[in-house]
1. Taking the condition crowded, with 21+ Cβ neighbours inside 10 Å and within 12 Å of ligand 2 (Cβ to nearest atom), does ILE106 pass?
2. For residues in the stretch 109-125 being small (Gly, Ala, Ser) and farther than 15 Å from PHE219 by Cβ, which is surrounded by the fewest Cβ atoms within 10 Å (Cβ to Cβ)?
3. Within the stretch 68-78, identify whether any single residue is within 16 Å of ligand 1 (Cβ to nearest atom) and among the acidic types (Asp, Glu), and answer yes or no.
4. When the residues of the stretch 168-227 are filtered to those that are of a type in the set (Gly, Ala, Ser) and not in a loop (DSSP other than H, G, I, E, B), which remaining residue is nearest to ligand 2 (Cβ to nearest atom)?
5. Looking at TRP128, TRP143, can you tell me which residue is of a type in the set (Phe, Trp, Tyr), surrounded by 15 or more Cβ atoms within 10 Å (Cβ to Cβ), on the phi < 0 side of the Ramachandran plot and in contact (Cβ under 8 Å) with a residue 60 or more places away in the chain?
6. Which residue pairs have Cβ atoms under 8 Å apart, sit 6 or more places apart or on different chains, and have a first residue in the stretch 194-220 that is more than 17 Å from GLU104 (Cβ to Cβ) and within 16 Å of ligand 1 (Cβ to nearest atom) and a second that is of a type in the set (Ser, Thr, Tyr) and not in a loop (DSSP other than H, G, I, E, B)?
7. Quick one: how many residues across the stretch 55-107 are in a loop (DSSP other than H, G, I, E, B), touching a residue at least 24 places away in the same chain (Cβ under 8 Å) and among the basic types (Lys, Arg)?
8. Name the one entry in ARG176, ARG122 that is basic (Lys, Arg) and in contact (Cβ under 8 Å) with a residue 40 or more places away in the chain.
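Only the coordinates and a few stated rules stand behind these numbers; no lab work does. Given the structure is predicted, the values throughout are model-derived calculations rather than measurements. Please note: Cβ atoms are built from the backbone with ideal geometry, for glycine as well, and neighbour counts cover all protein chains shown.
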Amino acid sequence: MTEGTAAQTKTFSERADELEHEQIAALDPIPSKSVIYLSGERDPTAPMPPGPQAPGQYFLMGHDKRLRRLPDRPTLLDFFQHRFFPATHVLQSARLARLAGHPEKIVLACLLHDIAIMGFIRCDHGYWAAEMVAPYVDEEISWAIRAHQVLRFFPDPAAGYEYPEQYIRLFGEGYRPEPYIGRAYEKLRNHKWYMTARLITVNDIYSFDRNVKPVLEDFTDIIGRHFRQPEEGLGFDDSPAAHIWRTINWPTRFL
Ligand SMILES: [Fe+2]
Ligand SMILES: [Fe+2]
């Protein structure tokens, strides 16, 4: 299983609610709740409430002071430290891959496979994460991160991957993946990079040991060798993924 913790999302939203009234009172800019809205924390059938805009008060169009501030040219490490923290699950996953002796690109794929959940959005997180990293890593890595979204649902005992028992607890005995997921799997299973993606799932499922706490510094060397950090900073390099990094940086901008 994958997927960070609900507590991370909750922490953000709780912090937002706690401090919102203080900001209004201080005439600070009003942050948008669009990310919370997308995460299903609002009833999408209810009309958007009007902003409690007081005279002289404006909507937020930049940094949200409730969040950790990223540098002007943020790196992947900055995003890990300020948005994806504590990132324990992916750090454990990358650690397992390294202990198993897999190549560095597999270790990096494991390290990045769930960053969309940790910093952006849960639904279809493998596809989002693949888009986020595609401009900066070997194509095989982003392909594999994308594919892990689908492969998780299909066992491959020869590779050491069974259907996760946790999915039965989470989704029920009767859950079956949607047909589009099955079609995607048929295409993936004979792909030349199938095993790269499969190894993400193999190192993923066992990566929830609370007693193992690897740190980001364990992987800075691999990131340095395999992640092409843009000079302008993630979000500001005009890449096809820049908008996603900007949204993670400034998730409550009004527009
Ligand atoms: Fe995962
Ligand atoms: Fe995942």
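1. Answer is no for this residue.
2. Only one residue tops the list, namely GLY119.
3. Checking the stretch 68-78: not a single residue is within 16 Å of ligand 1 (Cβ to nearest atom) and among the acidic types (Asp, Glu).
4. Checking each candidate, the answer is ALA197.
5. Within the list TRP128, TRP143, the selection yields TRP128.
6. Matching pairs, first to second residue: ARG198/TYR161; THR201/TYR161; ASP204/SER93; ILE205/TYR161; SER207/SER93.
7. 4
8. ARG122
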